[in-house]
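To keep things clear, I will list the structure first and then write my remarks on it.
The values are calculated or read from the model by the stated rules, or taken from the named source; none is laboratory data. If you're wondering where the values come from, they're calculated on a predicted model, not measured in any experiment. Virtual Cβ from ideal backbone geometry, glycine too; neighbours counted across all protein chains shown.
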């Protein structure tokens, strides 16, 4: 769901935005040094299983939540943020994040906090994963030690930031089952990022640690789909796993092979490209080669088997707006 106040009269834009933030996060006070000027902001909301993804882009603002607000409205939920655009800071649980940019940080709606986007002449953008207390694989008293602490968006943190961005960008077009899977993956990755920050990774459940390894592998696969050399042996070698361990990890989760997973994700990328008018100059075979499928006949056959229609037919139908029933 996309939301903006740009269509409203300038005089009521800030009030609309302040009410929206309180409604979608939790009750709080929102102020801004430019509240009386042209305060234009945008947001989107996506439910992914147990996690709700909220994206905000807004001018400078200050947010505060008191114990009275908590008593009136306590959603028992963490807000794990990936911050881009202008930096911001938060203060909670006697900890101050300092200015955060290009990194992750977290606050808890069950305690008071203060936060600010300083007036630096441009908007901030933040993606927030709203995670209920009872699904994060860490006790609340331990997780709260990581509040208002900057956490690097690299390693496992980078995988989490990429996943949050992917849900924000592609969530509206995703299958509900895929969104559910991505939401639970975000929970496991969030637990891993916070546990590493607290030197408590070994205390995570075994299943969570296995899911984190699997998420890192999926991120590696997605980043290398265009390489025709990508295959199970490449994936296993990069992650210091035996082929047997790699196949066992994915068979337990998906019941399929890693080679089939790579093929499916390549075909999904090809399908996206075939619906992109900016790529019309590329022949169908070049679309396949672009994602590591260099044999035109094999690409066409695999696409038809997965989606029930040849890639050329799919592209033509997408241009005339014809509805296609695709098979998963």
ask   = Does residue 328 qualify as being at pLDDT below 90 and not in a helix (DSSP H, G or I)?
value = yes
message = surrounded by 16 or more Cβ atoms within 10 Å (Cβ to Cβ) and under 30 Å from residue 156 (Cα atoms): is that true of residue 77 in this structure?
response = yes
inquiry  = Which of the numbered conditions does residue 34 fail, given that it passes all the others? Conditions: (1) touching a residue at least 12 places away in the same chain (Cβ under 8 Å); (2) over 28 Å from residue 182 (Cα atoms); (3) in a helix (DSSP H, G or I).
reply    = (3)
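Okay, residues lined up against (1) under 30 Å from residue 176 (Cβ atoms); (2) in a loop (DSSP other than H, G, I, E, B):
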{"position": "12", "(1), (2)": "no, no"}
{"position": "22", "(1), (2)": "yes, no"}
{"position": "38", "(1), (2)": "no, yes"}
{"position": "55", "(1), (2)": "yes, no"}
task = For the stretch 97-117, indicate whether the set of residues that are surrounded by fewer than 16 Cβ atoms within 10 Å (Cβ to Cβ) and either without any contact (Cβ under 8 Å) to a residue 12 or more places away in the chain or outside the structural domain of residue 31 (by TED's automatic domain parsing) (or both) is non-empty.
result = no
query = Could we say that residue 58 is more than 20 Å from residue 114 (Cβ to Cβ) and either in the same structural domain as residue 156 (by TED's automatic domain parsing) or modelled with pLDDT of 95 or more (or both) here?
reply = no
Residues located in the stretch 7-23, provided they are closer than 20 Å to residue 110 by Cα and buried (at least 16 other Cβ atoms within 10 Å of the Cβ) = 18, 20, 21, 22
key: Boolean, residue 312 is more than 25 Å from residue 158 (Cβ to Cβ) and either touching a helix residue (DSSP H, G or I) at 6+ places or on another chain (Cβ under 9 Å) or outside the structural domain of residue 158 (by TED's automatic domain parsing) (or both)   = yes
inquiry  = Here is a list: 32, 4, 44, 64. Which entry is surrounded by fewer than 18 Cβ atoms within 10 Å (Cβ to Cβ) and either touching a helix residue (DSSP H, G or I) at 6+ places or on another chain (Cβ under 8 Å) or within 27 Å of residue 190 (Cα to Cα) (or both)?
reply    = 64
query = Just a yes or no: is a residue in the stretch 212-231 farther than 24 Å from residue 156 by Cβ, under 28 Å from the mean Cα position of the chain (by Cα), assigned to a helix (DSSP H, G or I) and free of Cβ contacts under 8 Å to residues at least 40 places away in the same chain?
reply = no
key: Answer from 236, 245 - the residue that is surrounded by fewer than 17 Cβ atoms within 10 Å (Cβ to Cβ), outside the structural domain of residue 287 (by TED's automatic domain parsing) and either touching a strand residue (DSSP E or B) at 6+ places or on another chain (Cβ under 8 Å) or assigned to a helix (DSSP H, G or I) (or both)   = 245
ask   = Restricting attention to the stretch 127-134, does a residue exist that is farther than 23 Å from residue 76 by Cβ and in the same structural domain as residue 24 (by TED's automatic domain parsing)?
value = no
message = Just to confirm my filter: which strands (runs of 3 or more DSSP E) fall fully inside the stretch 98-169 and include at least 3 residues that are at negative phi and under 19 Å from the mean Cα position of the chain (by Cα)?
response = 103-108, 124-132
request  = For residue 177, state whether it is modelled with pLDDT under 95 and in the same structural domain as residue 52 (by TED's automatic domain parsing).
outcome  = yes
task = Test each condition in (1) over 19 Å from the mean Cα position of the chain (by Cα); (2) within 30 Å of residue 52 (Cα to Cα) for residue 180 and report the one that comes out false.
result = (1)
task = Return only the number of the condition from (1) buried (at least 16 other Cβ atoms within 10 Å of the Cβ); (2) part of a helix (DSSP H, G or I) that residue 264 does not satisfy.
result = (1)
inquiry  = Could you go through the stretch 186-205 and let me know if any residue there is out of contact with any helix residue (DSSP H, G or I) (no Cβ under 7 Å at 6 or more places or on another chain), in the same structural domain as residue 56 (by TED's automatic domain parsing) and at positive phi.
reply    = yes
